[in-house]
Each structure stands twice: as C-alpha cells, then as structure tokens.
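First up is the structure itself, then whatever we jot down about it.
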Amino acid sequence: MRLYRLTTTTLFRRNSWIICVFAVGVMPFLLTQISSGTENEVLKKPAIAQATWAMALLSAIFWGFFTAAKQGESNARSGLGEYFLTTGISASRQLFEMWLSVFTFLAPLPLLSAAVCMLAASPAAPDERSMWIATNFQYAMLFLIVMAPLVALASAVASRFGSLTGFLTSGGLAIYGLYGVGYLKLLGNLEDNPVLKWIWAASPHYHFADPTERLRYKLGAIAWDKFPLLLAYFGGILLVYAAISRLVFRTRAAA
C-alpha cells in the first residue's frame with residue numbers, strides 16, 4: 001500500500017480537506033443565518049439539514065473529483081506510475097490505491113452530515129426522530145456507493161486525458177444525475193419524444209441519493225423492503241464505472 005500511503009500523506013499535508021470539513025460542519029449554520037431560516041423557527045432545522053447534505057455533495061464533487069483527477073494525472077505524468085509498475089504494483093492496484101486514498105477523505109463527509117442532522121436538526125417528536133435517524137443513515141450509505149465509482153472514474157480519465165477532463169467527466173455525470181435528469185424527463189413528457197425518454201431511462205438517477213426533499217418535508221426513510229433495490233441499482237452503476245475506469249486508466253503519459 002505504498003502508493004496509498006504516499007497519496008494520503010500528500011493530501012493530508014496540503015490541508016485542503018479542511019475546507020470540506022468546514023463546509024459540512026460549519027457552513028450550514030452560517031447559511032441559515034443569512035436565509036429565511038431565522039425568520040421562522042420551524043424552518044431552521046430543515047434548512048440546516050438541507051444545507052448540510054448540499055455541502056457534502058458539493059464538497060465531493062468539487063474537492064473529491066478534482067483531487068482524484070489531479071492524482072490520476074500526476075501519477076501518469078510524473079513517472080510514478082511507471083516506477084510502481086517496476087516494483088510489481090499493477091495498474092489496477094495503482095488505481096485502487098489512489099481511489100482509496102481520496103475516498104479516505106470523502107467517506108467521513110456523509111457521517112459528519114448525518115451527525116449534524118441528528119444533533120442539530122433532529123425533530124422533537126420521538127417517532128419523527130427515529131425516522132430522521134433512519135433517513136440519514138440510508139442517505140449516508142447511498143452517498144458512499146454513488147460517489148465511490150465517480151472518484152475512480154475521475155482518476156482514470158485524468159490519467160489519459162488530463163485532470164480537467166477527468167474532473168469534468170465525473171462532475172458532469174454527478175450534476176446531470178442529480179439535477180439534469182429531472183429536466184430531461186420534463187422535456188420528454190412535454191414533447192412526447194421516445195428518444196429523450198430512452199435517454200432518461202438509461203441515465204444515472206443520482207437524485208434518488210439526494211435526501212433534500214425527504215428531510216425538508218419529513219417524508220421519512222425509504223421503505224426498507226425497497227432500499228436493497230436502490231442499493232443494487234447504484235451497485236450496478238458502480239460495477240460499470242469500475243470496469244470503464246480500469247479500461248481507461250493508464251500508468252504513463254502518452255508520448
């Protein structure tokens with residue numbers, strides 16, 4: 001795990017991960033002070049919950065994918081990839097260790113988000129509180145399974161096409177899956193276009209992993225008999241992206 005230790009130490013010493021901790025742990029409370037959350041006490045807790053998960057998603061997209069892309073490009077262009085190949089560390093292992101290093105910093109974000117929601121935004125009623133805990137637990141799991149393959153994809157694409165392309169690929173897929181598919185569905189229904197509907201059906205529906213609506217309106221947790229199907233859906237996407245990442249990843253820059 002030499003590449004993992006090297007990458008993790010480098011990222012830790014850069015201290016840029018502190019921005020993510022601040023964004024998830026502190027920014028939600030600051031944002032509610034400049035929003036309508038202070039005008040109505042009833043809105044304050046939902047506003048904190050919404051801001052917390054929004055900050056976690058944004059941190060993963062802008063810090064996580066960018067960092068993964070930079071590591072993928074650096075590994076190929078600096079000669080590290082070729083060096084580790086000579087020491088017996090395969091390309092697959094290098095991609096895995098870089099992914100694991102970046103994910104080490106991303107994995108605590110949903111846990112921190114859930115903790116903030118449960119400690120600072122939990123409903124007063126006992127039944128609502130237990131459902132609130134279950135909802136945050138479910139979305140912490142979904143966050144991890146959704147972001148994991150996109151981190152690997154950012155590193156893999158960046159190793160071949162550069163860090164900007166790697167970042168835009170994963171970031172674009174995430175934003176499209178979270179928000180774009182909704183507009184695509186609306187457009188397909190308005191125009192009754194079967195092609196648009198087919199594209200919508202084949203798109204990654206990451207909005208299912210966004211807890212904003214359920215937390216804001218206290219809709220409760222996803223039914224536990226349906227939750228495994230959702231995990232299986234995102235697990236399938238994970239396998240597809242993992243295979244693509246391995247095919248695209250390279251350990252040396254193009255001549």
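Throughout, read-outs are computed from the coordinates displayed, never taken from laboratory work. Here the structure is a predicted model, which means the values were calculated and not measured. We place every Cβ from the backbone using ideal geometry, glycine too, and count neighbours over all the protein chains shown.
Express in whole angstrom the spacing between the alpha-carbon centres of region 122-181 and region 186-234. Using only Cα atoms to place each centre, the spacing works out to 14 Å.
Mean-square fluctuations from a GNM of the chain, with a 10 angstrom spring cutoff on Cα atoms, peak among M27, M55, M147 at M27.
For the chain, the share of alpha carbon pairs falling in successive 10 Å distance bins from zero is 7, 28, 31, 22, 10, 2, 0 percent. Placing +1 on each Lys and Arg Cβ and -1 on each Asp and Glu Cβ, with no other charges, gives the chain a dipole about its Cα centre of roughly 800 debye. So what is the relative contact order of region 176-240, in percent, for Cα pairs below 8 Å that sit 6 or more residues apart? Normalised by residue count, the contact order of region 176-240 is 29 percent. Taking each residue as 0.36 nm, the span from I145 to V240 lengthens on full extension beyond its C-alpha to C-alpha distance by 32.9 nm.
Taking a Cβ cut-off of under 15 Å around L100, the surrounding Lys, Arg, Asp and Glu residues balance to a net charge of +3, with basic ones at +1 and acidic ones at -1. For the chain, averaging the sequence separation of C-alpha pairs within contact (under 8 Å, six or more residues apart) and dividing by the residue count gives a relative contact order of 27 percent.
List residues of region 218-248, by number, whose backbone nitrogen lies under 20 Å from a label position 7 Å along Cα→C-beta of S130. What the label zone holds, given the 20 Å backbone N cut-off, is 218-227.
Taking other residues whose beta carbon is less than 14 angstrom from the beta carbon of F66, and scoring Lys, Arg as +1 and Asp, Glu as -1, yields +1. Taking every C-alpha pair closer than 8 Å and separated by at least 6 residues, the mean separation divided by the residue count of region 47-192 gives a relative contact order of 37 percent.
Each listed q (0.19, 0.27 Å⁻¹) maps to a log10 I(q)/I(0) for region 67-113 from the Debye sum over equal C-alpha point scatterers, namely -0.62, -0.97.
Projecting label points 7 angstrom from Cα along Cα→Cβ for F29 and L6 puts them 4.0 nm apart.
Considering only A23, S159, I48, the residue lying farthest towards the positive end of the dipole of the chain is S159, judged by Cα position with unit charges set on Cβ.
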